[in-house]
Amino acid sequence: MDFNYSNRVNEILRKLNIFMDTHIYTGEKIFKKQLYENSSKVPQIIEDLKLKAKKENLWNLFLPDEKLGPGLSNVEYATLCEVMGRSLIAPEIFNCNAPDTGNMELLIKYASNEQKNDWLYKLLEGKIRSAFCMTEPSVASSDATNITTSIMPDGDHYIINGSKWWTTNAAHPNCELLIVMGKTNPDAPKYKQQSQILVPMKTKGVKVIRRLTIYGYDESPHGHCELSFNNVRVPKSNLILGEGRGFEIAQGRLGPGRIHHCMRLIGAAERALEAMCIRSKTRVAFGKALSEQSSLREQIAQSRIDIDQARLLVLKTAWSIDQFGAKESRDQIAMIKVAVPKIACDVIDRSIQTHGAAGFTDDFFLAASWANSRGLRMADGPDAVHAETIAKLELKKFEN
């Protein structure tokens, strides 16, 4: 495995770090102020910095297709994604934010030319946002076969009925597209019942029921919403790939896009460790600096070990996807989905402890970062589901 970066990637990394230092970290306070003044509007700082990022060619960095993006491998993108993960506002500024990255990858891979013309290019330009509707409030959605939302044919249209929640981006003022997973044929074989369909956000019958919070954070302006679909009518041409192909599309979407969260979490943990070290050097308790307390030094050491282990596992997974594809790397994808969010939560929590009561506040980035990291432990499925995948694949090696 070769994790070295080309001169081209090192140059992008240099520009990205300068952009983060010059604009992003200082822009976080401006973002909070503008959001406080009007939480239903995208803060102007975001739109301004998006234009700057575009101008500097720091845009769509996640795309491996050279016709649409810089054409980086997953290993190459991993280091850039880590840097972006240091700030909760950064990914959207570079048009590298979830769930849009996964949705763009989905459209590139599976959408018809008409569907791409309608939606993909506007997403690539950052003109609109999108959401992915899969999880449902009434069933255990970690088993996607439980999904009950119906997508039933009616002449030249489909009629959609059901409820979804934790639909990230649905509250975003610029969200115009929903990708909805539901059942087109409940009598088909288990993994052929589901389909995915494109639903314009403003379609009659689509209703935002409420904005959900993660440990008190509503993550405005994009938010995570509960939605209802009441006799929502869309043309049959909005169906992606064909009836019964929903699981196939979902598995394809869970490739590189699924590990971007883990890459970003490495950055969040790294920034938290830096904050812990700085705080420990500047605060005095019981007659000496916190950095001289053996218990805290042990926590700093453990955090460095944890982050470097997690980074190497993410890079190995990215390398494996580059070499063999997401399907052949599903055991490693499952491993990082268990390991990385937990490590990020642990490191950020240690940093919060070092900051004392201040760590609970929004004076620092730590509280929001911890809430985001803890949410991501569930966002792509609970640990137990990924552990089951890992165990099955491990046991399969010993079958006769």
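The values are calculated or read from the model by the stated rules, or taken from the named source; none is laboratory data. Only a predicted model underlies this, so the values are computations on that prediction, with no experimental measurement involved. All Cβ positions, even for glycine, are placed from backbone atoms using ideal geometry, and neighbour counts span all protein chains on display.
Can we say Asn38 is out of contact with any Leu (no Cβ under 9 Å at 6 or more places or on another chain) and within 20 Å of Asn74 (Cβ to Cβ)?
No, not satisfied.
Assuming Ile30 fulfils every condition listed in (1) touching a helix residue (DSSP H, G or I) at 6+ places or on another chain (Cβ under 9 Å); (2) touching a residue at least 40 places away in the same chain (Cβ under 8 Å); (3) not acidic (Asp, Glu) apart from one, which condition is it?
The failed condition is (2).
Would you mind telling me which numbered condition in (1) among the aliphatic types (A, V, I, L, M); (2) outside the structural domain of Cys225 (by TED's automatic domain parsing); (3) within 27 Å of Asn185 (Cα to Cα); (4) within 20 Å of the chain's Cα centre (by Cα) Leu120 fails?
Of everything listed in (1) among the aliphatic types (A, V, I, L, M); (2) outside the structural domain of Cys225 (by TED's automatic domain parsing); (3) within 27 Å of Asn185 (Cα to Cα); (4) within 20 Å of the chain's Cα centre (by Cα), Leu120 misses just condition (3).
If only one of Phe324, Phe360 is in contact with a helix residue (DSSP H, G or I) (Cβ under 7 Å, 6 or more places away or on another chain), surrounded by fewer than 17 Cβ atoms within 10 Å (Cβ to Cβ) and either in contact (Cβ under 8 Å) with a residue 60 or more places away in the chain or in the same structural domain as Arg279 (by TED's automatic domain parsing) (or both), which one is it?
Going through Phe324, Phe360 in turn, just one is in contact with a helix residue (DSSP H, G or I) (Cβ under 7 Å, 6 or more places away or on another chain), surrounded by fewer than 17 Cβ atoms within 10 Å (Cβ to Cβ) and either in contact (Cβ under 8 Å) with a residue 60 or more places away in the chain or in the same structural domain as Arg279 (by TED's automatic domain parsing) (or both): Phe360.
How about the stretch 187-205: which of its residues are loosely packed, with under 15 Cβ neighbours inside 10 Å and either among the aliphatic types (A, V, I, L, M) or free of Cβ contacts under 8 Å to residues at least 24 places away in the same chain (or both)?
Scanning the stretch 187-205 gives Asp187, Ala188, Pro189.
Which of (1) at pLDDT 95 or above; (2) of a type in the set (Ser, Thr, Tyr); (3) in contact with a Gly (Cβ under 6 Å, 6 or more places away or on another chain); (4) closer than 30 Å to Asp308 by Cα is the odd one out, the single condition Ser142 does not satisfy?
Here Ser142 meets the rest and fails (1).
Are there any pairs, at least 6 apart or on different chains, whose C-beta atoms fall under 9 Å, with the first in the stretch 40-63 and on the phi > 0 side of the Ramachandran plot and surrounded by 14 or more Cβ atoms within 10 Å (Cβ to Cβ) and the second of a type in the set (S, T, N, Q) and part of a loop (DSSP other than H, G, I, E, B), and if so, which?
That search, which allows pairs on different chains as well, returns Asn60/Asn95.
If a residue must be assigned to a helix (DSSP H, G or I), within 15 Å of Glu92 (Cα to Cα), out of contact with any helix residue (DSSP H, G or I) (no Cβ under 6 Å at 6 or more places or on another chain) and of a type in the set (Lys, Arg), how many such residues does the stretch 33-54 contain?
Matching residues across the stretch 33-54 total 2.
Would the stretch 384-399 turn up any residue that is farther than 28 Å from Tyr25 by Cα, of a type in the set (Lys, Arg) and either in contact with a helix residue (DSSP H, G or I) (Cβ under 6 Å, 6 or more places away or on another chain) or not in a helix (DSSP H, G or I) (or both)?
Checked against the condition, which is being farther than 28 Å from Tyr25 by Cα, of a type in the set (Lys, Arg) and either in contact with a helix residue (DSSP H, G or I) (Cβ under 6 Å, 6 or more places away or on another chain) or not in a helix (DSSP H, G or I) (or both), the stretch 384-399 yields at least one hit.
Evaluate the stretch 5-13: report whether one residue or more is surrounded by 20 or more Cβ atoms within 10 Å (Cβ to Cβ) and either touching a His at 6+ places or on another chain (Cβ under 7 Å) or without any contact (Cβ under 8 Å) to a residue 40 or more places away in the chain (or both).
There is no residue in the stretch 5-13 that is surrounded by 20 or more Cβ atoms within 10 Å (Cβ to Cβ) and either touching a His at 6+ places or on another chain (Cβ under 7 Å) or without any contact (Cβ under 8 Å) to a residue 40 or more places away in the chain (or both).
Here is a check on your reading of the model: is Gln309 farther than 24 Å from Asn169 by Cβ and at pLDDT below 95?
no
As an exercise: evaluate Gly223 against (1) buried (at least 19 other Cβ atoms within 10 Å of the Cβ); (2) at pLDDT 95 or above; (3) not hydrophobic (A, V, I, L, M, F, W, C) and give the number of the one condition it does not meet.
For Gly223, the exception is condition (2).
Of the residues Ser291, Ser351, only one is touching a helix residue (DSSP H, G or I) at 6+ places or on another chain (Cβ under 7 Å) and surrounded by fewer than 22 Cβ atoms within 10 Å (Cβ to Cβ); which?
Being touching a helix residue (DSSP H, G or I) at 6+ places or on another chain (Cβ under 7 Å) and surrounded by fewer than 22 Cβ atoms within 10 Å (Cβ to Cβ) holds for just one of Ser291, Ser351, which is Ser291.
Do we find a residue being closer than 30 Å to Ile179 by Cα and without any contact (Cβ under 8 Å) to a residue 12 or more places away in the chain anywhere in the stretch 293-301?
Within the stretch 293-301, not a single residue is closer than 30 Å to Ile179 by Cα and without any contact (Cβ under 8 Å) to a residue 12 or more places away in the chain.
Using the structure shown, decide if Thr184 is in the same structural domain as Cys133 (by TED's automatic domain parsing), out of contact with any Lys or Arg (no Cβ under 8 Å at 6 or more places or on another chain), more than 15 Å from His224 (Cα to Cα) and of a type in the set (S, T, N, Q).
Taking the combined requirement at face value, the residue satisfies it.
For Glu274, state whether it is free of Cβ contacts under 8 Å to residues at least 24 places away in the same chain, surrounded by fewer than 13 Cβ atoms within 10 Å (Cβ to Cβ), under 22 Å from Pro91 (Cα atoms) and charged (D, E, K, R).
Yes, satisfied.
Working carefully through the options Phe62, Phe3, find the one that is in a loop (DSSP other than H, G, I, E, B), touching a Cys at 6+ places or on another chain (Cβ under 6 Å) and either in the same structural domain as Cys262 (by TED's automatic domain parsing) or under 20 Å from Ile259 (Cα atoms) (or both).
Only one candidate qualifies: Phe62.
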